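Contents: one structure, followed by commentary.
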Amino acid sequence: MRAYELMVIIDGALDDGAVDATVARITEQIMVKASEIKTTDRWGRRRFAYEIDHKHEGAYVVFEVLAEAGALDDLERQLRLADDIVRHKLIRLPDREAARRGLLGEPAPAAAG
């Protein structure tokens, strides 16, 4: 399993109920791929530094996920196509950072060189 961080910016024009439904949909899509969500951190609504697609604010949500390599490819495609998602970013966390956050066991020590 690999550790990933997924940040999603949901359209700020949506009400809180629609934002909750979007987060639930993303959570379900992650779980379908036999992945495990370790944390879901809702940052709330924030104003953008610059206009994105004629929008000025969005609801930020950060997921920490454990998944197999390639398991989240379909999720990324769905997020790109979703109208209620302004932006998203999926990154693989380095093993050392994932271990620091408690997502993975301790990494093997670096070889002395």
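The values are calculated or read from the model by the stated rules, or taken from the named source; none is laboratory data. What you are looking at is a predicted structure, and each value in this text was computed from that prediction instead of being measured. Virtual Cβ from ideal backbone geometry, glycine too; neighbours counted across all protein chains shown. Side chains included, ligands, DNA and RNA excluded: accessible areas come from the protein's heavy atoms. Shrake-Rupley method; radii C 1.70, N 1.55, O 1.52, S 1.80 Å.
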*Identify which of the listed values of Rg and Dmax of the Cα atoms in Å was calculated from the structure shown: (i) 18.2, 69; (ii) 15.7, 55; (iii) 12.6, 35.*
(ii)
*asked:* Can you show me the helix-derived [θ] at 222 nm for the chain, built from DSSP H runs with n ≥ 4 at -39,500 (n - 2.57) apiece and divided by the number of residues, rounded to the nearest 500.
replied: -8500 deg cm²/dmol
*Within the chain, what's the longest stretch lacking trypsin sites (Lys or Arg not before Pro) that sit in DSSP loops with no more than 16 other Cβ atoms inside 10 Å?*
34-100
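Per the 1.4 Å probe, what fraction of the accessible area of the chain, in percent, lies on carbon and sulfur atoms?
Working: 3420 of 6960 Å².
Percent of accessible area from carbon and sulfur atoms in the chain: 49.
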*Can you give the accessible area per residue of the chain, in Å², using a 1.4 Å probe?*
62
*Could you work out how far helix 16-32 tilts from the main Cα principal axis of the chain, as a 0 to 90 degree angle to the nearest 10?*
30
*For Thr39 and Ala69, calculate 0.36 nm times their separation in residues minus their Cα-Cα distance, and state this gained length in nm to one decimal.*
8.9 nm
